[in-house]
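In what follows, a single structure is set out as structure tokens and then discussed.
The values are calculated or read from the model by the stated rules, or taken from the named source; none is laboratory data. None of these values were measured; they are calculated from a predicted model. We place every Cβ from the backbone using ideal geometry, glycine too, and count neighbours over all the protein chains shown.
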Amino acid sequence: MDSVHSLNVSPEEVVALAKQYHTPSIAFTYNDPVIFGEYVVDISKIAREVGIKSVMVTAGYIDKEARKDVYKYIDAANVDLKAFTESFYHKLAFAHLDYVLDTLIWLKKETNVWFEITTLLIPDENDSDEEIKNMCEWILKNLGDEVPLHFTAFHPDFKMINKSRTPAETIRNARKIALKLGIKYCYVGNIHDTEGSTTYCPNCKEVLVARDWHSVLKNKIKNSCCPTCGTAIPGMF
């Protein structure tokens, strides 16, 4: 029998490790945390009791009743909105778009979870201007203009090695569309673009959080506001 490279770690031990290394948050990701929802609940409950934040990175595809329990002690989430057509979800994700949209609306209207949206743009699958425009318009109508939106570049791997990498210009173009339509906070990922990774004040355009790849070069936000014009900046800082 082949050995399994895994660890048996109790919820208490996970939180203890976070405390030991002075980690402010615990992230549940890879695979989707809904797969081990009970484990998420147990860890996030203990974490909240000791002041440690819990973050979910998820596809947002979850039963309506189960999500009430799984998200109960979650502070923030990054939800993958994989595309904005049912055909994509049916063909590539074996799922349904409406279920994910329902989760996003629920997070916005029924919870205090801070959430952001990420869309991986795959060449010729979900990267058309029309689809990006439709998605942004839905976000503006149903979630508002302050939910951060991330467009990230695809690279061939696993079962999609027949696709080419997403051109950087496709990612930058998607960001331009989102900003033009009224999304206040839109970012790029998996490409090197400091402008597209930086947070700007939507009012005075001051650089608030400058980023280079995964490094934060500066954070000028004061008391969740722009230090220059006083505009409130939503998020967890």
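Side notes on the structure shown:
- Some residue of segment 7-26 being under 24 Å from residue 66 (Cα atoms), touching a residue at least 12 places away in the same chain (Cβ under 8 Å) and assigned to a loop (DSSP other than H, G, I, E, B): no
- Filter result (of a type outside the set (Asp, Glu) and surrounded by fewer than 10 Cβ atoms within 10 Å (Cβ to Cβ)) within segment 1-32: 1, 3, 4, 5, 6, 7, 8, 20, 21, 22, 24, 30
- Members of segment 56-87 found to be in contact with a Leu (Cβ under 8 Å, 6 or more places away or on another chain), of a type in the set (A, V, I, L, M, F, W, C) and over 15 Å from residue 28 (Cα atoms), listed by number: 81, 83, 84
Table: residues versus (1) in contact with a strand residue (DSSP E or B) (Cβ under 8 Å, 6 or more places away or on another chain); (2) surrounded by fewer than 22 Cβ atoms within 10 Å (Cβ to Cβ); (3) without any contact (Cβ under 8 Å) to a residue 24 or more places away in the chain.
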residue: 45; (1), (2), (3): no, yes, no
residue: 53; (1), (2), (3): yes, yes, no
residue: 74; (1), (2), (3): yes, no, no
residue: 93; (1), (2), (3): no, yes, no
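- Residue 35 under 17 Å from the mean Cα position of the chain (by Cα), surrounded by fewer than 16 Cβ atoms within 10 Å (Cβ to Cβ) and either at pLDDT below 95 or in a helix (DSSP H, G or I) (or both): no
- Pair list, Cβ under 6 Å, 6 or more apart: segment 145-168 residue closer than 30 Å to residue 232 by Cβ, other residue among the acidic types (Asp, Glu): 148/116
- Qualifying residues in segment 104-119 (those that are closer than 11 Å to residue 81 by Cα and either in contact (Cβ under 8 Å) with a residue 60 or more places away in the chain or touching a helix residue (DSSP H, G or I) at 6+ places or on another chain (Cβ under 9 Å) (or both)) - the one surrounded by the fewest Cβ atoms within 10 Å (Cβ to Cβ): 118
- Take the conditions (1) over 28 Å from residue 180 (Cα atoms); (2) outside any loop (DSSP other than H, G, I, E, B); (3) more than 14 Å from the chain's Cα centre (by Cα); residue 54 misses just one of them, which is (3).
- Filter result for residue 128 (free of Cβ contacts under 8 Å to residues at least 12 places away in the same chain and hydroxyl-bearing (Ser, Thr, Tyr)): yes
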